[in-house]
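Down below is the structure, laid out as structure tokens.
The values are calculated or read from the model by the stated rules, or taken from the named source; none is laboratory data. The model shown is predicted, which means the values in this text are computed figures rather than measured ones. Cβ coordinates were reconstructed from backbone atoms using ideal geometry, including for glycine residues, and neighbour counts include every protein chain displayed.
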Amino acid sequence: MRSDVYQTVTDRIIADLEKGELTWLKPWSACSTAGRITRPLRHNGLSYGGINVLMLWAAAIEAGYSSACWMTFRQAIALGAYVRRGEKGSMVVYAGTLSREGDENDDGDGDKHEEEGEGAKRIPFLKTYSVFNVEPIDGLPDHYHVKPEPVIDPVERIAHADQFFAATGAEIRHGGNRACYSGASDHVQMPCFESFRSADAYYATLAHELTHWTKHESRLDRKFGVKKFGDEAYAREELVAELGAAFLCADLALTPEPGAEHAAYIQSWLKVLRQDKRALFSAAAHAQRAVEFLHGLQSSAGTGREAAA
């Protein structure tokens, strides 16, 4: 019987949450080297998105890999390399849609949903395949084993992060002791920079709030229904912001930290995930869109991904 991909992945995240752990923060807490955390990368250097980021981060931690690069068995062979005997691949998902005519469309990282075309309904499907981290692959070109650069000193402001967030054009106000996004006035409120214990903590918090900022109807118009603290809609939006911040931190070479409110959120996230095995996939897809939207606001002056590379 074919395994239920949604349930398999969701169960893995639930197991972490039940232990009080946040899967999307584990790559940083598990890192024992000076290298920075990045999104998982394909063999061609392009990054994975959506749910595949969480799945490969978790697989890397479990196996103890420090490399962010992954490839299929055939891709390794095409490069004149070979996967060591006994190595097991890690699952990733491939999402696409089928039209009524049966045409298959590639949507990538499992982050698309059912769409209506011009008179033709598109039906989503999800496939899985296996990839291998480059560490147990012998014979690869040297550049697949280059060690990452050390992380940035977090004591002072980080120029490329300041540039990235400024380029979004979001109204960011400073003052008080609470970080939040106000939909009524469409602004992000942040405590002053000096009140954070590190620069990374400030920017990670700002990334979280700017992910919320993307939900405005003039941007991505993301809605989960009426929201009040602790309800399902609130929990879903907070999960999107959590994942969006983690993705952005990886893109910008920043280190996120668990917030004081995480313990309260965990129970509401567990409730949502237990009730809906697709909720995590949906949250990761929304987070991916939010991050892509923020990257899309960058100028060509070297902000965003280029500045963090």
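Summary of values
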read-out	value
Output for the stretch 221-232, where each listed residue is at pLDDT 90 or above and surrounded by fewer than 16 Cβ atoms within 10 Å (Cβ to Cβ)	Asp221, Lys223
Test: residue in the stretch 116-124 that is modelled with pLDDT of 90 or more and of a type in the set (D, E, K, R)	no
Test: residue in the stretch 214-233 that is in contact (Cβ under 8 Å) with a residue 12 or more places away in the chain and touching a strand residue (DSSP E or B) at 6+ places or on another chain (Cβ under 6 Å)	no
Residue selected from the stretch 258-309 under the condition among the aromatic types (Phe, Trp, Tyr) and modelled with pLDDT of 85 or more, by the criterion surrounded by the fewest Cβ atoms within 10 Å (Cβ to Cβ)	Phe293
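Per-residue answers, yes or no, for (1) at pLDDT below 95; (2) of a type in the set (A, V, I, L, M); (3) more than 20 Å from Leu297 (Cβ to Cβ):
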site: Phe165; (1), (2), (3): no, no, no
site: His174; (1), (2), (3): yes, no, yes
site: Asn177; (1), (2), (3): yes, no, yes
site: Met190; (1), (2), (3): yes, yes, no
site: Ser195; (1), (2), (3): yes, no, yes
site: Ala207; (1), (2), (3): no, yes, no
